[in-house]
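In what follows, a structure is listed as structure tokens, so that the remarks can point back to it.
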Amino acid sequence: MKNKMVAGILGILCGSLGVHKFYMGNVMPGVVYLLLCWTGIPGILGLIEGIIYLMDTDEAFQARVEAKKFFM
């Protein structure tokens, strides 16, 4: 069971490297974030996703983890 607090903080602090994607079990998006980290786009997306993870209810977050949604 993944912790939404950990995923949110990883998304906000290390989102440009895709660490939050790896934590949630989404390897391919994590690799894409890592490959594109020099553009700054994954950092912005990671910040947004981190905030979304923190604002999600526990049930919605667990559904997101189980569905393994690639982006947001």
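Where a number appears in this text, it was derived from the coordinates with a stated rule and is not lab data. Model, not experiment: these values are computed from the prediction. Cβ sites come from the backbone with ideal geometry, for glycine too, and all protein chains shown count toward neighbours.
Counting only other residues whose beta carbon sits under 13 Å from that of THR57, what net charge do I get with K and R as +1, D and E as -1?
It works out to a net charge of -1.
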For a label point 7 Å from the Cα of LYS68 along Cα→C-beta, name the residues of the stretch 19-48 whose backbone N is under 13 Å from it. 22-30
Grab the Cα-Cα distance for VAL6 and LEU36, subtract it from 0.36 nm times how many residues apart they are, and report the gain in nm with one decimal. 8.5 nm
Residues PHE22, PHE61 arranged by fewest to most Cβ contacts within 10 Å: PHE22, PHE61
From phi via Karplus (6.51, -1.76, 1.60), per-residue ³J(HN,Hα) for the stretch 49-59 in Hz, x at Gly/Pro: 5, x, 5, 4, 4, 5, 8, 5, 6, 4, 5
